[in-house]
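Below is one structure, written out as structure tokens; the observations come after it.
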Amino acid sequence: MATGDMEDEFVLPDNIMTEVFSYLQIRELLLVARVCKRWKRLAYERPLWKHVDLSPYTRRLDGRAMWRIVRQFFTPSLRTLTLAGHLHSGRSGEIVSTPLLLELKSRAPSLQLFCITTADLTNISLSDLPASLSTLETRNCEIPPRWFKPLEANGAFPNLRAIDLSCCSRVSDVDVIDICHVATLRVLKLSWCYRITDSSIQHLSERLAQLERLDLEGCKITDVSLHHIGRHLKHLTFLNVSQCTQLTQAGLEGVKGALKKLEHLCLDSCTPIIIPNLPTF
């Protein structure tokens, strides 16, 4: 057998190589693309760029690097994108900008999940993001007042089912009221958004009756919020009111019998709550 024939015998077919490459992280994928022309072609295959997590590389990423990645690798097959910004890092400039997000919007019109953490979004508009999103996560980010106002428009983000604003300290009652325009919403995480009060929770309970998961950890709410939650949010399966120190046993009584579908109730550091009186699920 000729040497060339032996080499061909041990060459894995493209579909097997693509499957192997699917287990690599983005940095590793870019490294194997340097091996040869064939590996480069396979490393750039669309299925390998369907779910992209760039958060581990935040120290190396800047706006210019993000532009190269978006233009070279992002295609209509992209479904999830996870980023980490430079908030509180001392670095100037953010990894995202309005022009870059508009480019992302045109190249990935079917993006379903957009997650960005520790980023300054004060110069970004919510309408810059793809309308196809089903999940939006902006944990520990700075957002401008009324950032969710575009949700008032009919048909804005028609598939949006989950919003995570955990540790976004600027989020206030007005923002929650704007979010209430999303009738498709099923998951809302507002942990440590300390500006949120009973007023917006009442509005939320009345407008988002189909909500299934609600996280209010660390919010400054009282038994009034629990009363409205128990009265309106009949589809809740998960409720987190940990660190809500103003809640009392009386407030718990308003939800324990009303939320028949509730499976998880988190009460960490709610010291006035008497554990033995909790309902059994």
For segment 128-145, how many residues meet the condition of being open to solvent by 30 Å² or more (accessible area, probe 1.4 Å), closer than 15 Å to Ile163 by Cα and touching a helix residue (DSSP H, G or I) at 6+ places or on another chain (Cβ under 9 Å)?
-> 1
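Scan segment 95-127 for residues that are part of a strand (DSSP E or B), under 13 Å from the mean Cα position of the chain (by Cα) and either surrounded by fewer than 17 Cβ atoms within 10 Å (Cβ to Cβ) or not aliphatic (A, V, I, L, M) (or both) and report the count. Can you show your working first?
Pass one, segment 95-127, residues part of a strand (DSSP E or B): 113-117, 120.
The next check asks that each one be under 13 Å from the mean Cα position of the chain (by Cα); those that pass are 113-117.
Retained after the next criterion (residues that are either surrounded by fewer than 17 Cβ atoms within 10 Å (Cβ to Cβ) or not aliphatic (A, V, I, L, M) (or both)): 113-115, 117.
Number of matching residues: 4.
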What residue, of Ile274, Ile229, Ile179, is over 19 Å from Thr135 (Cβ atoms) and modelled with pLDDT of 95 or more?
-> Ile229
Could you grab me the full set of residues in segment 221-246 that are more than 23 Å from the chain's Cα centre (by Cα) and surrounded by fewer than 22 Cβ atoms within 10 Å (Cβ to Cβ)?
-> Thr222, Asp223, Val224, His227, His228, Arg231, His232, Lys234, Thr245, Gln246
How many residues are in a loop (DSSP other than H, G, I, E, B), closer than 19 Å to Leu121 by Cβ and out of contact with any Gly (no Cβ under 6 Å at 6 or more places or on another chain) if we restrict to segment 58-94?
-> 11
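Any idea how many residues of segment 192-206 are open to solvent by 10 Å² or more (accessible area, probe 1.4 Å) and within 21 Å of Pro145 (Cα to Cα)? Reasoning before the result, please.
We begin by selecting, within segment 192-206, every residue open to solvent by 10 Å² or more (accessible area, probe 1.4 Å); these are 192, 194-195, 197-199, 202-203, 206.
With within 21 Å of Pro145 (Cα to Cα) added as a condition, the list becomes 192, 194-195, 197-199, 202-203.
Here the count works out to 8.
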How many residues are open to solvent by less than 100 Å² (accessible area, probe 1.4 Å) and at pLDDT 50 or above when one looks only at segment 3-16?
-> 6
Reported set for segment 213-254 where residues are under 18 Å from Ser269 (Cα atoms) and among the hydrophobic types (A, V, I, L, M, F, W, C) is Leu214, Leu216, Cys219, Ile221, Leu226, Phe238, Leu239, Val241, Cys244, Leu247, Ala250, Leu252
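Filter segment 250-271 for residues that are part of a helix (DSSP H, G or I) and open to solvent by 30 Å² or more (accessible area, probe 1.4 Å); which is modelled with the highest pLDDT? First the steps, then the outcome.
The initial filter retains those residues of segment 250-271 that are part of a helix (DSSP H, G or I), namely 250-256.
Checking the rest, the ones that are also open to solvent by 30 Å² or more (accessible area, probe 1.4 Å) come to 250, 253-254, 256.
On the way: Ala250: 83, Glu253: 78, Gly254: 76, Lys256: 76.
Looking at residues that are part of a helix (DSSP H, G or I) and open to solvent by 30 Å² or more (accessible area, probe 1.4 Å), I get Ala250.
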How many residues does segment 17-57 hold that are open to solvent by less than 80 Å² (accessible area, probe 1.4 Å) and assigned to a strand (DSSP E or B)?
-> 2
Of all the residues that make up segment 151-172, how many are out of contact with any strand residue (DSSP E or B) (no Cβ under 7 Å at 6 or more places or on another chain) and farther than 19 Å from Asp120 by Cα?
-> 9
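The values are calculated or read from the model by the stated rules, or taken from the named source; none is laboratory data. Worth saying up front: this structure is predicted, and the values here are computed from it rather than measured. Heads up, the Cβs are rebuilt from the backbone with ideal geometry, glycines too, and the neighbour counts pull from every protein chain shown. In case anyone asks, the SASA skips ligands and DNA or RNA and just uses the protein heavy atoms, side chains included. Shrake-Rupley method; radii C 1.70, N 1.55, O 1.52, S 1.80 Å.
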